[in-house]
Amino acid sequence: MHRIHCPWCGLRDHDEFTLWGDASRAFPALDAPREDWVRAVYDRTNPRGETQEFFQHTLGCRRWLVVTRNNLTHEVLSVVPASERQTPAASPEARP
């Protein structure tokens, strides 16, 4: 079991959190064509190593976090509130 440091609640077991997906992707504008949204929602890469992911502290404060971790070793490298996340530039895979 690995542990995640919630900025509000402190160090907690990962069982208290829900993984919501890739936090490093940029999404298209709300008025973008449907095809762009289909690619953004369903097309995924499967990177190895360092990843950024959205987590919600569902059994704690219920706040959203961006956790940077190594998905091979599960080592948690950093945790920041989702509101402080650097918005990524538009990702090339979201483009035709």
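The values are calculated or read from the model by the stated rules, or taken from the named source; none is laboratory data. No experiment lies behind these values; they were computed from the predicted model shown. Cβ: placed from backbone, ideal geometry, glycine included. Neighbour counts: every protein chain shown. With ligands, DNA and RNA removed, areas are computed over all heavy atoms of the protein, side chains included. Shrake-Rupley method; radii C 1.70, N 1.55, O 1.52, S 1.80 Å.
Quick rundown of the values:
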quantity: Single condition Leu59 does not satisfy, out of (1) over 19 Å from Arg85 (Cα atoms); (2) free of Cβ contacts under 8 Å to residues at least 60 places away in the same chain; (3) part of a helix (DSSP H, G or I); calculated: (3)
quantity: Positions within segment 23-59 being in contact with a strand residue (DSSP E or B) (Cβ under 6 Å, 6 or more places away or on another chain) and either closer than 22 Å to Trp8 by Cβ or modelled with pLDDT under 90 (or both), in sequence order; calculated: Ala23, Ser24, Gln52, Glu53, Phe54, Phe55, Gln56, His57, Thr58
quantity: Selection within segment 62-77 - β-branched (Val, Ile, Thr) and either without any contact (Cβ under 8 Å) to a residue 40 or more places away in the chain or open to solvent by 100 Å² or more (accessible area, probe 1.4 Å) (or both); calculated: Thr68, Thr73
quantity: Residue list for segment 40-65, filter: closer than 13 Å to Arg25 by Cα and among the small types (Gly, Ala, Ser); calculated: Ala40
quantity: Unique match (being touching a residue at least 24 places away in the same chain (Cβ under 8 Å), of a type in the set (D, E, K, R) and part of a strand (DSSP E or B)) among Glu35, Glu53; calculated: Glu53
quantity: Output for segment 12-56, where each listed residue is among the basic types (Lys, Arg), more than 16 Å from Val80 (Cβ to Cβ) and surrounded by 14 or more Cβ atoms within 10 Å (Cβ to Cβ); calculated: Arg25, Arg39
quantity: Residues (open to solvent by 80 Å² or more (accessible area, probe 1.4 Å) and in a loop (DSSP other than H, G, I, E, B)) located in segment 1-11; calculated: Met1, Trp8
